[in-house]
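One structure is given below, encoded as structure tokens.
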Amino acid sequence: VWGNTFHQLGRGAADHLNKGESPLAQRYSRGTTMIPVTTFADKTVAVFGLGGSGIATAHALIAGGATVAAWDDGEAGRAAAEKAGIPLVDLNTAGWTKFAALVLAPGVPLTHPEPHWTVKRAHDAKIEIIGDIELFCRERNAHCPAATFIAITGTNGKSTTTALIAHILRSAGKDAQMGGNIGVPILALDPPAKDRIYVIEMSSFQIDLTPRLNPTVGVLLNITPDHIDRHGTVENYAAIKERLVMAASSAVIGVEDGLTASGNACDEVFHVLDNTPDRLALAFSRKRAQTTGIVYFQAPILTRAFPSGANGCFEETLVDLSSAQTLRGAHNAENAAAAFLACELLGIPHDEIGCAIKTYPGLAHRMEEIGRVGNVPFINDSKATNADSTEKALLSFPAGVYWILGGKPKEGGIEPLRPYFPSIAKAYLIGAASDEFAKTLEGHVPYERCVTLDVAVARASADALAANLPNSTVLLSPACASYDQFKSFEHRGDVFRALVTALPGVTPRGKA
């Protein structure tokens, strides 16, 4: 009964936006391979930041009839734009009063540690400052509001949850377009159509640049302190994250991890939405709680529990995760719970969701098994760029961990990971964080300064095989940014993959 009820509620959350497609949307869906931004037709738009999303934005604006003035502080960005046929205008010397808007790349500071110079110029000219997802929202609203839009945010787990939702929907035969902060820039996806579903990962930077954000389903996984240098305080960071679900027709919220100085932000926003008429909010947690309809994890089962009668409780088994090998650990159970609820809201049957979760291939660079030498798995968790994310990995392996870590350190280092030191057989330090991390590990975990990743992989492999323990694991989970030695966490993970697949006797597991 409850499953059918939630299916109907989910259909309603999507269907109330079903106002049909305009002729323009129909034309887009038949032949265009990007989303032309027609809402700025015949206007001049400044675009700053010419990475992948910036170039896609410029192309989309031009295709929609706008004049683009594109610029980047770096020569590499400007060269890439010129190669892509994007017109460059030096925004340092441009007259800003002719611009209708500044479209800013999410990596460019909007408020902290201080506004970028282009932001100051835009404020002086009294023009709006927006991002590429805002342009998508305007196009969707103007031409095809029936296109379902799922937006996912959180400090950790965004990419896994986004990819898992897209996998479930595609397994159910849906046209699921995945992008945003993961993979493809949003404006490089196919144009809005009433049977098309957008599954979009959003960072706090992207939310901050999307004032008209209005997803069909908003997913808030968790909030833990991060990016304070860009938002000033954790309260500001949390408020930006909360905007995504507050603006959604239906919300899925993880109510356990929302810690700020003023309380649990995630739990608070859930209760606000749960008590708002005509809004549907669903909750999940790692542990059972007396919240109506909550989904929780009791290894290896995802279960929905809700009160029944005065003191009773009814429970519904949703899916057994024991065979979902790419979703190890309680943190991934939370990601699976979020994906389950989001897809349930869209009317996907429980059995189809459960089957798809078990066939999820995993996400590259996030708890990705690269291969095995004997019984020793090599795990690529390069996406773990902070201690909170690495904590999730260490929780998944209770003993025998040969841990490769380091890079460009973040505030707090690995101090929060002390409770997990007993599970670490040995640590292998690389990059700029080596001295700081060595001090934290001293006297608690054997460690070796390896400087570079190739040395760390060789030493960790040799030690794990020599130990011949039943549950040894070589884990790359750096708890650091990658920029001291690598271009990105993806680059770091790709190098790790190449090093592991070159080991003698390795059985590769493929690329997720």
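The values are calculated or read from the model by the stated rules, or taken from the named source; none is laboratory data. Computed from a predicted model, the values in this text were never measured in an experiment. Every residue, glycine among them, receives a Cβ derived from its backbone with ideal geometry; neighbour counts consider all protein chains shown. Heavy atoms of the whole protein, side chains included, go into the accessibility calculation; ligands, DNA and RNA do not. Shrake-Rupley method; radii C 1.70, N 1.55, O 1.52, S 1.80 Å.
Among the residues of the stretch 144-152, at least one is of a type in the set (Gly, Ala, Ser), in contact with a helix residue (DSSP H, G or I) (Cβ under 7 Å, 6 or more places away or on another chain), open to solvent by less than 10 Å² (accessible area, probe 1.4 Å) and farther than 15 Å from Val103 by Cα. In the stretch 54-66, the residues that are among the hydroxyl-bearing types (Ser, Thr, Tyr) form Cβ pairs under 8 Å with partners that are assigned to a helix (DSSP H, G or I) and surrounded by 21 or more Cβ atoms within 10 Å (Cβ to Cβ), at six or more places apart or across chains, as follows: Thr57/Asp132; Thr57/Leu135; Thr57/Leu187. When the stretch 459-512 is filtered for residues that are more than 29 Å from Asn181 (Cα to Cα) and crowded, with 16+ Cβ neighbours inside 10 Å, the ones remaining, listed by number, are Arg459, Ala460, Ser461, Asp463, Ala464, Leu465, Ser472, Thr473, Leu503, Val506. Among the residues of the stretch 214-247, those that are open to solvent by less than 10 Å² (accessible area, probe 1.4 Å) and under 17 Å from the mean Cα position of the chain (by Cα) comprise Pro215, Val217, Gly218, Val219, Leu220, Leu221, Ile223, Tyr237, Ala238, Lys241, Leu244, Val245.
Remark: Glu268 falls outside the filter, which requires a residue to be under 25 Å from Ile168 (Cα atoms) and open to solvent by 40 Å² or more (accessible area, probe 1.4 Å). Looking at (1) surrounded by fewer than 18 Cβ atoms within 10 Å (Cβ to Cβ); (2) closer than 24 Å to Met246 by Cα, can you tell me which one Asp320 breaks? Here Asp320 meets the rest and fails (2). In the stretch 395-409, which residues are touching a helix residue (DSSP H, G or I) at 6+ places or on another chain (Cβ under 6 Å) and either surrounded by fewer than 19 Cβ atoms within 10 Å (Cβ to Cβ) or small (Gly, Ala, Ser) (or both)? Matches in the stretch 395-409: Leu395, Ser396, Pro398, Ala399, Gly406. Among residues that are in contact with an Asp or Glu (Cβ under 9 Å, 6 or more places away or on another chain) and surrounded by fewer than 21 Cβ atoms within 10 Å (Cβ to Cβ), Ser171 is included. In the stretch 170-284, counting only helices (runs of 4 or more DSSP H) that sit wholly within it, the ones holding 1 or more residues that are in contact with a strand residue (DSSP E or B) (Cβ under 8 Å, 6 or more places away or on another chain), of a type in the set (Asp, Glu) and modelled with pLDDT of 90 or more span 234-246, 265-274.
Count of the stretch 44-83 residues, restricted to those that are of a type in the set (D, E, K, R) and surrounded by 21 or more Cβ atoms within 10 Å (Cβ to Cβ), is 1. Does Glu334 satisfy the criteria of being touching a helix residue (DSSP H, G or I) at 6+ places or on another chain (Cβ under 9 Å) and open to solvent by 10 Å² or more (accessible area, probe 1.4 Å)? Here the answer is yes, as Glu334 does meet what is asked. Of all the numbered requirements in (1) more than 22 Å from Lys358 (Cα to Cα); (2) open to solvent by less than 10 Å² (accessible area, probe 1.4 Å), Gly180 misses one, and that requirement is (2).
Inside the stretch 366-382, residues that are crowded, with 24+ Cβ neighbours inside 10 Å and touching a Phe, Trp or Tyr at 6+ places or on another chain (Cβ under 6 Å) make up a count of 3.
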